[in-house]
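What follows draws every value from the coordinates through simple rules; no lab data is involved. All values reported here derive from a predicted model rather than from experimental measurement. Because the Cβ atoms are built from the backbone with ideal geometry, glycine has one as well, and the counts that use them run over all protein chains shown.
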Amino acid sequence: MRKWQSQLVFTKQQQAGIVLLLLLLILLLGISLFYNPSPKNVFIVNSPEIAKLKSEIDSLREVKKENDKPKIYKFNPNFITEYKGYKLGMTPSEIDRLHTYRASGKWMNSISDFKKVTGISDSLLAVISPYFKFPDWVTTSNKKSFNNKFKTPKSPSEKIDLNKATSEELQKVYGIAETLSKRIIAYRTKLGGFTDDVQLYQVYGLKKETIREIQKYFTVKTPKHIDKININSATASDLATIPGISFDLAKKIWEFRILRERIKSFSELKKIEALSAEKLKLIELYLTLD
């Protein structure tokens, strides 16, 4: 018993500590009972601020989705290739009808012409037709200019000399507007005059179909004289002086001749992969086999 009594006897210092501890506990208890802190802000999902922010995020997502879509630029539907037609959603038969129509030398001048020729559905036409861009001579509001186009091909004697043709006369050809007519004349001036119709293939922006249209009404009647180069003795640098022939192509022609020692016929050059039929006709104007 005395043992337990000794355990309950505290010094004055210990007694003071116990009293201080009790006072501290009472103070904390009082604070917990009477102190009511203001409630913290609660995140409300359906608040107007959150709704507005969500709307802005959705708008930005839609803008990004539109920007990520493949871009379609305006184009002339007269020159739709098989691949482009496929990408636009046209069927093989619709593309074939378009190409057959164009191969006959005819042109589509309006959206209704395109539908009539291809037989395309109204739904697809509504999607792609806003991107159609017909030539200036079709879209211009100047009906007099449109009606002034050549209607029927001319006979050889009636054709206009390409070296004397004016910009206004060239614009009478379907597919030729002011810009292309000026390019033709500028290139003619650069050459000092055309020697052959084949030189039209060197005019930037002139498509083969348009050149065939030009040749229905124009031809070279006063050809410029050319001092020809002997292909069997010419250097690559000599060949590169031919208008429209790059140094790289000139070097290939020169190497081709070196391997064969001598070119006996221009038809041999058809074996050069980079030499198109048009360029072959072109270089024949400037070269000789002698």
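What aspartates and glutamates does Lys64 reach when the alpha-carbon gap must be under 14 Å and sequence neighbours fewer than 8 apart in one chain are set aside?
Those aspartates and glutamates meeting the cut-off are Glu56.
Of Lys12, Lys270, Lys154, which is the most mobile in a GNM of the chain whose springs link Cα atoms less than 10 angstrom apart?
Result: Lys12 has the largest fluctuation of those listed.
Residue-wise, which Karplus ³J(HN,Hα) couplings in Hz belong to the stretch 224-236, taking 6.51 cos²θ - 1.76 cosθ + 1.60, θ = phi - 60°, and x for glycine or proline?
6, 6, 10, 7, 6, 9, 6, 4, 7, 10, 6, 8, 4
Normalised by the number of residues in the chain, what is the relative contact order in percent for Cα pairs under 8 Å and 6+ residues apart?
On the way: 234 pairs, mean separation 34.0, N = 290.
About 12 percent, as a whole number.
Take peptides 250-262, 166-178 and line them up by average Cβ neighbours within 10 Å, highest first, as a rough protection proxy.
Values: 250-262: 14.6, 166-178: 17.8.
Highest to lowest by the protection proxy: 166-178, 250-262.
Would you compute, for the Cα atoms of the stretch 77-134, the largest minus smallest coordinate along each principal axis and list the three values in descending order, in whole Å?
27, 21, 17
Distance cut-off 30 Å, Cα to Cα: go down the list Lys216/Lys279; Lys116/Lys172; Lys221/Lys252; Lys216/Lys264; Lys164/Lys252 and report the pairs above it. Each step should come with its number before you reach the end.
Numbers: Lys216/Lys279 21 Å; Lys116/Lys172 25 Å; Lys221/Lys252 33 Å; Lys216/Lys264 34 Å; Lys164/Lys252 36 Å.
Lys221/Lys252; Lys216/Lys264; Lys164/Lys252, as the Cα separations exceed 30 Å there.
For Asn148 paired with Thr189, estimate the spin-label separation in nm (one decimal), with each label point 7 Å from Cα along the Cα-to-Cβ line.
Label-label distance for Asn148 and Thr189, simple model: 2.1 nm.
Run through every distinct alpha carbon pair of the chain and return the Kirkwood hydrodynamic radius in angstroms, one decimal place. Please report the intermediate quantities before stating the final value.
On the way: mean 1/r = 0.0371 Å⁻¹.
It works out to 27.0 Å.
If I take R0 = 41 Å and measure r between the Cβ atoms of Ser104 and Ser59 in this structure, what FRET efficiency does the formula 1/(1 + (r/R0)^6) give, to the nearest 0.05?
According to the calculation, E is roughly 0.25.
Dividing the alpha-carbon radius of gyration of the stretch 229-288 by 2.2 N^0.38 Å (N being the number of residues), what value is obtained?
Its radius of gyration relative to the 2.2 N^0.38 Å reference: 0.95.
Could you check how many percent of all C-alpha pairs in the stretch 144-219 are farther apart than 17 Å? Display every interim value, and only then the final one.
Working: 1054 of 2850 pairs.
Percentage above 17 Å: 37.
At a 10 angstrom cut-off on C-beta neighbours, averaged per residue, how do the peptides 47-53, 118-124 rank from highest to lowest?
Values: 47-53: 10.1, 118-124: 15.0.
Descending mean neighbour count gives 118-124, 47-53.
For the chain, what does -39500 (n - 2.57) per DSSP helix run (n ≥ 4), summed and divided by total residues, give at 222 nm, in deg cm²/dmol to the nearest 500?
Values: 15 runs with 144 residues, N = 290.
Taking each H run of at least 4 residues, the total per residue is -14500 deg cm²/dmol.
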